[in-house]
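The values are calculated or read from the model by the stated rules, or taken from the named source; none is laboratory data. Predicted, not measured: the structure shown is a model, and the values here were computed from it. Quick reminder, even Gly has a Cβ in these numbers, built from the backbone with ideal geometry, and neighbours come from all protein chains shown. Ligands, DNA and RNA are excluded from the accessible area calculation, which covers all protein heavy atoms including side chains. Shrake-Rupley method; radii C 1.70, N 1.55, O 1.52, S 1.80 Å.
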Amino acid sequence: MIKPIISQEAFDGLENIRSSGTTNMLDYPKVLHLSNLYGFEATANWLTDHKGEYGRGIFFGFEVENDPIS
């Protein structure tokens with residue numbers, strides 16, 4: 001199974017939500033709500049555009065994309 005690719009910024013938002021313990025990470029609508037509530041814009045945008053990949057990532061992990069070196 002190929003892991004979904006996610007930006008470091010979006011991944012960090014997910015990790016902050018996960019570590020807060022405020023929701024079960026399988027609760028997609030709540031995770032999306034919390035990403036907006038906490039101001040994790042990159043996370044909210046990624047979740048909106050990649051709902052299916054989010055589900056796969058929860059079960060199989062995510063691959064954080066490397067930012068190109070300027």
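With the structure loaded, tell me whether S35 is assigned to a helix (DSSP H, G or I) and either among the small types (G, A, S) or at pLDDT 95 or above (or both) or whether it fails that test.
Criteria met by S35.
Is it the case, given these coordinates, that E15 is free of Cβ contacts under 8 Å to residues at least 60 places away in the same chain, surrounded by 17 or more Cβ atoms within 10 Å (Cβ to Cβ) and either under 22 Å from M1 (Cβ atoms) or not hydrophobic (A, V, I, L, M, F, W, C) (or both)?
No.
Yes/no per residue for (1) open to solvent by 80 Å² or more (accessible area, probe 1.4 Å); (2) at pLDDT below 95; (3) out of contact with any Lys or Arg (no Cβ under 8 Å at 6 or more places or on another chain):
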position: S20; (1), (2), (3): no, no, yes
position: N24; (1), (2), (3): yes, no, no
position: V31; (1), (2), (3): no, no, yes
position: F40; (1), (2), (3): no, no, yes
position: G61; (1), (2), (3): no, no, no
